[in-house]
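Inspection log for the structure reproduced underneath, given as structure tokens.
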Amino acid sequence: MQNGEREGVIKSVKKILIVDDEKMIQQVFSDFFNHAGYEVTVASNGVECGLQLFEHEFDVILMDMMMPEMSGDKAIRYIKNSFSEKIRSMKIIIISSFINDEIREEFGQYKNIYFFEKPVKLLEVMKVIEER
């Protein structure tokens, strides 16, 4: 299998920011997406996410909701209100056990935000990442 190919999906190399406080999730997601040919950076909460966005460019963010210091919903609000249009329009994939109706209603209005509940099938997430 060549770099960038997996399960019949051919893609360009994309940079992913994984934002989750659970070390096991960080490791599993990082291993999966690195093996699939993505460049992966990890942040443990919304504060670290913001710092990474100031320092690096990403194509997509995988965001948990329940995290210390700054939760995922607060981080998304911060991104939508404080960053450039390029960053505000970046795909954000919420992957969490805590996606309630309020979160779906608030963030469902954005066409670049997607929802997956844990446990998640990472091949399904990868399909969303590769959609234009």
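The values are calculated or read from the model by the stated rules, or taken from the named source; none is laboratory data. For clarity, every value in this text was computed on a predicted model and none was experimentally measured. Reconstructed Cβ throughout: ideal geometry from the backbone, glycine too, with neighbour counts over all protein chains shown.
What helices (runs of 4 or more DSSP H), lying completely within segment 58-132, carry at least 2 residues that are in contact with a helix residue (DSSP H, G or I) (Cβ under 8 Å, 6 or more places away or on another chain) and under 17 Å from ILE16 (Cβ atoms)? Don't jump to the end; show me each part of the working.
Values: elements: 72-82, 85-88, 101-107, 122-130.
In segment 58-132, 72-82, 122-130 are the helices (runs of 4 or more DSSP H) which contain 2 or more residues that are in contact with a helix residue (DSSP H, G or I) (Cβ under 8 Å, 6 or more places away or on another chain) and under 17 Å from ILE16 (Cβ atoms).
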Checklist entry - Which of (1) assigned to a helix (DSSP H, G or I); (2) in contact with a Phe, Trp or Tyr (Cβ under 9 Å, 6 or more places away or on another chain); (3) modelled with pLDDT under 95 is the odd one out, the single condition LEU53 does not satisfy? => result (3)
Next on the checklist: For segment 100-132, give me each residue that is surrounded by 12 or more Cβ atoms within 10 Å (Cβ to Cβ) and basic (Lys, Arg).
Outcome noted: ARG104, LYS118, LYS127
Item to check | ASN81 being surrounded by fewer than 18 Cβ atoms within 10 Å (Cβ to Cβ) and closer than 19 Å to GLU102 by Cα | outcome: yes
Next on the checklist: Condition (residue is exposed (fewer than 15 other Cβ atoms within 10 Å of the Cβ) and in contact (Cβ under 8 Å) with a residue 12 or more places away in the chain) applied to segment 41-55: is it met by at least one residue?
Outcome noted: no
Checklist entry - Restricting attention to segment 11-36, which residues are part of a loop (DSSP other than H, G, I, E, B) and either modelled with pLDDT of 95 or more or buried (at least 17 other Cβ atoms within 10 Å of the Cβ) (or both)? => result LYS14, ASP20, ASP21, GLU22, ALA36
Checklist entry - Has segment 80-97 got any residue that is more than 18 Å from MET24 (Cα to Cα), among the basic types (Lys, Arg) and modelled with pLDDT of 95 or more? => result yes
